[in-house]
Structures are given as C-alpha cells and as structure tokens.
Amino acid sequence: MPELPEVETVRRQLATRLPGLTISALRICDLKVSAQDQNELAALVVGRRVCALRRRGKYLIVDCEASLLIVHLRMTGQLLFKPEDEPRRPRYVIEFGPETSLFFYDVRRFGTLTGLPAAGEAAYFSALGPEPFSAEFSARRLRDELAGRRAPLKSILLDQRRLAGVGNIYADEALFRARLHPLRMGGSVGPREAQRLHAAILETLQAGIDHEGSSIESFVDPAGERGSFQEILNVYQRTGEPCRVCGTVVQRIKLGGRGTHFCPRCQPRRGGIAPTARHMRAVSRPPRTRQPPSFAPPQ
DNA sequence: AGTGGCTCCTGGCGGC
DNA sequence: TGCCGCCAGGAGCCAC
C-alpha cells in the first residue's frame with residue numbers, strides 16, 4: 001500500500017533519470033485511469049520537458065514546463081522503467097524518447113493519472129492537509145487538530161485533509177511508537193501525548209523512507225526493487241505475534257473499515273473508546289497470510 | 001459539522 | 001477439484 005515513504009522512494013528514483021527528458025508520448029491503455037480525455041492529457045504534457053519530480057502527500061508530481069502530471073498509486077500501482085511479460089499489461093505508458101519509458105501497472109485498478117496546467121496545482125491540492133515534514137506540521141498544529149475531536153486517533157491520522165501522506169501501515173506503526181491506543185479520542189490526548197505522537201509520526205515515516213518503503217503486497221520501486229520496512233514492523237499485520245517490546249500478543253480490530261493493529265499493553269486504552277462487539281469479532285479472526293506477489297522484478 | 005459506511009477493483013484464500 | 005463469497009484498502013461520495 002503505497003503511502004508517503006513508498007511514493008517518496010519512487011520519486012527519488014525517478015528524479016535521478018527523468019529531469020531534462022522530454023515526454024514524447026503518453027499512451028493510455030485503460031481509460032478508467034483518468035477522468036480526463038486522453039487527448040486532453042497528452043496535449044498538456046507531450047513535447048514538454050520534465051523539470052522536476054515532486055511529491056505531495058501520497059501524490060507523485062511530474063513537473064513539466066507549465067504543466068503537471070499527477071500520479072496516485074492507490075493500492076497496487078507500480079511505476080516501472082521496464083515492461084513486464086504478458087499477461088500483465090500496463091494501464092498507461094509515459095514515453096521519454098526512444099530510450100526511456102515509464103510503465104504503470106496496477107492490479108486493482110484504483111490508481112489515477114491527472115494532467116493539469118501548473119496554475120491548477122494549488123486548487124487541486126487545496127483540501128490536502130500539511131506535509132508531515134514541513135514546518136507547517138508542528139506538534140502544536142497536531143494538538144490543535146486533535147482538540148475537541150471525538151473521532152479515534154487512527155481515523156484522524158488517516159484523514160488526508162488533516163495530514164497528508166499517512167496511510168494504514170504508518171498510522172498503526174506511529175500510534176504504537178507513541179504508545180497511544182488507536183481508539184483513543186482525539187480530544188482526550190494531552191499536550192505531552194500530542195508531542196509524542198508528532199515525533200512518532202515523523203520518526204515512523206522517516207524510517208519507512210530510510211528502508212525504501214514497505215513491500216507488503218506489491219510495492220516495488222521503478223527498478224523493481226522491494227523495500228524492507230515490512231521486516232521491522234512492530235504491529236502492522238503482526239496479529240497474534242508477540243509485541244517486540246513487551247511480548248504481549250498483538251491484537252487486531254477493525255476501525256473505519258481498516259484493519260488496525262496494536263499492542264494492548266504498550267498502547268493502553270485509557271481515555272479511549274471501548275471496542276464494540278464488532279471490533280472484538282475482528283480481534284478473534286487473524287488476517288489471512290498473503291503469498292508474496294508472483295511478480296519477478298525485471299533483470 | 002462530524003462521522004461512519006459504501007463503492008470501486010482484483011487475486012488469493014477458506015469453506016463447502 | 002471446483003466454485004462461491006469474503007477480504008484487503010485510498011479516496012470520493014453519501015447518509016445520518
């Protein structure tokens with residue numbers, strides 16, 4: 001599940017190859033990938049030079065002269081420099097002359113591609129919350145964001161309007177690191193706890209970036225390499241396994257439709273919302289273990 | 001206003 | 001063995 005660290009990993013790799021190249025063609029193979037007409041998309045970027053690769057939350061931005069391509073990987077999106085063998089087909093291909101192409105693969109077909117004139121960027125991202133690593137996202141800001149809120153902490157962290165880039169994996173891991181129960185009401189969090197959570201969010205995201213992302217389902221970088229953050233996860237998808245800190249069995253509940261993992265001892269529920277019967281049912285059923293993707297990275 | 005829940009989508013897996 | 005239905009989840013939308 002590409003979140004901020006995975007998108008940042010992709011961005012960094014693309015940034016070593018794409019700037020200076022000119023987009024020679026944009027081939028949309030799956031029309032569902034964009035709400036825009038493919039000719040309209042192509043007209044915005046074909047013939048333009050790539051100036052920079054940027055990231056905003058979980059969005060990857062290919063900055064062209066006076067226009068942008070905005071890529072969202074959603075659940076299973078992969079941008080690869082090399083095409084895969086059949087039967088996998090890309091949903092779109094961005095060509096940069098005869099030497100370089102970028103192929104977008106996406107099993108669940110949730111990923112999106114958007115083209116915009118540069119002037120449209122601010123409006124496009126207007127509802128998105130602050131970047132975690134920006135000065136705008138301070139401990140104070142987080143505290144103000146939580147104040148008075150009755151929603152569980154986990155739900156608040158996942159809300160991209162409050163904070164951009166945190167998804168299910170990093171929300172669970174950050175809450176574990178902050179020793180805060182995912183069901184704690186936002187408004188019940190004190191100043192010191194908010195400070196702890198702020199630090200935990202930044203540390204967790206930075207660790208994800210340092211490990212080049214989590215390859216739990218299908219994430220690979222544009223060279224086809226897997227990240228390694230999944231190897232040091234504390235709670236995410238570790239249901240029934242001992243907490244790495246205290247040995248207590250890691251639990252799983254369902255919160256806002258998302259699998260939520262925590263250590264009941266390290267993350268006490270004090271001040272939180274009691275799990276409902278539905279939560280408890282989810283606890284007793286560990287997630288199925290998934291086979292690693294059959295996809296073999298290009299040689 | 002704030003919040004939960006449904007929808008999109010596919011492959012893997014459990015159950016029968 | 002084969003089929004059916006459930007499950008995973010980011011973000012947009014809708015209903016309460």
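Residues that are of a type in the set (A, V, I, L, M), under 13 Å from the mean Cα position of the chain (by Cα) and within 16 Å of DNA strand B (Cβ to nearest atom) within region A:182-219 comprise just one, A:Ile216. Residues that are more than 11 Å from DNA strand B (Cβ to nearest atom) and charged (D, E, K, R) within region A:159-181 comprise A:Asp172, A:Glu173, A:Arg177, A:Arg179, listed in sequence order.
Of all residues in region A:172-187, none satisfies the criterion of being near DNA strand C (Cβ under 10 Å from one of its atoms) and without any contact (Cβ under 8 Å) to a residue 40 or more places away in the chain. Evaluate the following for A:Val45: is it closer than 27 Å to A:Leu202 by Cβ and of a type in the set (A, V, I, L, M)? Judged against the criteria, A:Val45 is not a match. When region A:122-140 is filtered for residues that are surrounded by 13 or more Cβ atoms within 10 Å (Cβ to Cβ) and either under 20 Å from the mean Cα position of the chain (by Cα) or at pLDDT below 90 (or both), the ones remaining, listed by number, are A:Tyr124, A:Phe125, A:Leu128, A:Gly129, A:Pro130, A:Glu131, A:Pro132, A:Phe133, A:Phe137.
Among the strands (runs of 3 or more DSSP E) confined to region A:25-85, the ones with at least 1 residues that are within 16 Å of DNA strand B (Cβ to nearest atom) are located at A:25-28, A:67-72, A:77-80. Quick one: in region A:143-157, of everything that is hydrophobic (A, V, I, L, M, F, W, C) and crowded, with 20+ Cβ neighbours inside 10 Å, which residue is farthest from DNA strand C (Cβ to nearest atom)? Applying the filter and picking the extreme gives A:Leu146.
Counting just the residues of region A:95-108 that are in contact with a strand residue (DSSP E or B) (Cβ under 9 Å, 6 or more places away or on another chain) and more than 17 Å from A:Gly224 (Cβ to Cβ), which one comes out nearest to DNA strand C (Cβ to nearest atom)? Once the filter is applied, the top-ranked residue is A:Arg108.
For region A:221-241, the set of residues classified as surrounded by fewer than 20 Cβ atoms within 10 Å (Cβ to Cβ) and in a helix (DSSP H, G or I) consists of A:Gln230, A:Glu231, A:Ile232, listed by residue number.
Let me confirm something: among A:Leu69, A:Leu21, A:Leu26, A:Leu41, which residue is at pLDDT 90 or above and under 22 Å from A:Pro2 (Cα atoms)? Only one candidate qualifies: A:Leu69. Taken over region A:221-245, the criterion of being under 18 Å from the mean Cα position of the chain (by Cα) and without any contact (Cβ under 8 Å) to a residue 40 or more places away in the chain is satisfied by A:Ser228, A:Gln230, A:Glu231, A:Ile232.
The values are calculated or read from the model by the stated rules, or taken from the named source; none is laboratory data. In this text the structure is predicted, and so the values were computed from the model without any measurement. Cβ: placed from backbone, ideal geometry, glycine included. Neighbour counts: every protein chain shown.
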